[in-house]
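Structure record follows, encoded as structure tokens.
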Amino acid sequence: MTAHSLTALAPVSLALTDQNPSMDFTADQLLQYNGTDPSKPIYVAIKGRVFDVTTGKSFYGPGGSYVMFAGKDASRALAKMSKNDEDISSSLHGLTEKEIGVLDDWEKKFEAKYPVVGRVVS
């Protein structure tokens, strides 16, 4: 009998499209992916990167706990751990170092769970 050894493989990033996002979205275009049209995917942006969160539609779709983030850049709200409409914004202006850290943690969670499909442009 021959002994076989296993070699650990380097981790593979699932967010391959992040290096070259395939789609650019204006804020108005992103809003079309807010979960109200069941024929379209659900997108949420963080720091301008658009994630396809359709697999998490129980959270981001109609009736979900985070439905207010669907179709929007939720960076500020996630950093502040807020669901208030006035915080749902791409603006990072005035955030504390701790809030930026919270946002970075959210971004890592999204990267691990959802594919990047594009970016938000002005």
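Amide H contacts of F51 (H built 1.01 Å from N, in plane; Pro and chain starts excluded): V44, A45, I46, V117 sit under 5 Å, all sequence-distant by 5 or more or on other chains. Ordering D87, D37 from the fewest to the most neighbouring beta carbons within 10 Å gives D37, D87.
Note on E107, E86: ascending count of other Cβ atoms within 10 Å places them as E86, E107, the fewest first. Each Lys and Arg adds +1 at its Cβ and each Asp and Glu adds -1 at its Cβ; summed about the Cα centre, region 21-120 shows a dipole of about 220 debye. Label separation (A27 vs S65): 2.7 nm, computed from points 7 Å beyond Cα along the C-beta direction. Among R49, R119, sorting on how many other beta-carbon atoms sit within 10 Å of each Cβ, with the fewest leading, yields R119, R49. Here the Karplus relation 6.51 cos²θ - 1.76 cosθ + 1.60, evaluated at θ = phi - 60°, turns the backbone of region 74-80 into coupling constants of 9, 3, 4, 4, 5, 4, 8 Hz, with x for every Gly and Pro.
Here K108 is the anchor, and the aspartates and glutamates within straight C-alpha reach of less than 17 Å, apart from those fewer than 8 places off in the same chain, are D18, D52, D73, E97, E99.
When the Cα gyration tensor is reduced to axis lengths a ≥ b ≥ c, the ratio a/c is 1.5 or higher for region 37-122, and with a/b above b/c it is classed as prolate. 3J(HN,Hα) along region 34-51, derived from phi through the Karplus expression 6.51 cos²θ - 1.76 cosθ + 1.60 where θ = phi - 60°, amounts to 9, x, 7, 9, x, 7, 10, x, 10, 10, 9, 9, 9, 6, x, 8, 9, 10 Hz, with x in place of Gly and Pro. Computed 3J(HN,Hα) for region 61-69, one whole-Hz value per residue from the Karplus formula 6.51 cos²θ - 1.76 cosθ + 1.60 where θ = phi - 60°, is x, x, x, x, 4, 10, 4, 5, 8, glycine and proline marked x.
Quick note: the coordinates plus some simple rules give every number you see, no bench work behind them. Computed from a predicted structure; not experimentally measured. Here Cβ is always computed from backbone atoms with ideal geometry, including for glycine, and neighbour counts include all displayed protein chains.
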